[in-house]
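The values are calculated or read from the model by the stated rules, or taken from the named source; none is laboratory data. These figures come from a predicted structure and were not determined experimentally. Here Cβ is always computed from backbone atoms with ideal geometry, including for glycine, and neighbour counts include all displayed protein chains.
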């Protein structure tokens, strides 16, 4: 009779040990998944900040697009246009 009780105790201990090992494995694997989710969250929050800054920049440009200063600056930069009787110095060392 004592042999049966000892073998039952051993089986109970083995089952408890197997359950504990399984719980530890699940816990570790879940931590890895959570860390990957956190990394994704950081990436997307960074992308939101970048896109928000770009949107603000575009909104500012949109607000100033019809101003004389903006039109003059674009004519100078992109079209190489200058005001009449304006002296233009060209740097030939470049």
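Scan 46, 91, 64, 85 and give me the residue that is modelled with pLDDT under 90 and surrounded by 10 or more Cβ atoms within 10 Å (Cβ to Cβ).
Numbers: 46 fails: modelled with pLDDT under 90; 91 fails: surrounded by 10 or more Cβ atoms within 10 Å (Cβ to Cβ); 85 fails: surrounded by 10 or more Cβ atoms within 10 Å (Cβ to Cβ).
Among 46, 91, 64, 85, only 64 is modelled with pLDDT under 90 and surrounded by 10 or more Cβ atoms within 10 Å (Cβ to Cβ).
Please verify whether the range 5-21 includes one or more residues that are assigned to a helix (DSSP H, G or I) and under 36 Å from the mean Cα position of the chain (by Cα).
Kept after step one, since they are assigned to a helix (DSSP H, G or I), are these residues of the range 5-21: 5-21.
Add one more test, that the residue is under 36 Å from the mean Cα position of the chain (by Cα), and what stays is 21.
Among the residues of the range 5-21, at least one is assigned to a helix (DSSP H, G or I) and under 36 Å from the mean Cα position of the chain (by Cα), which makes the answer yes.
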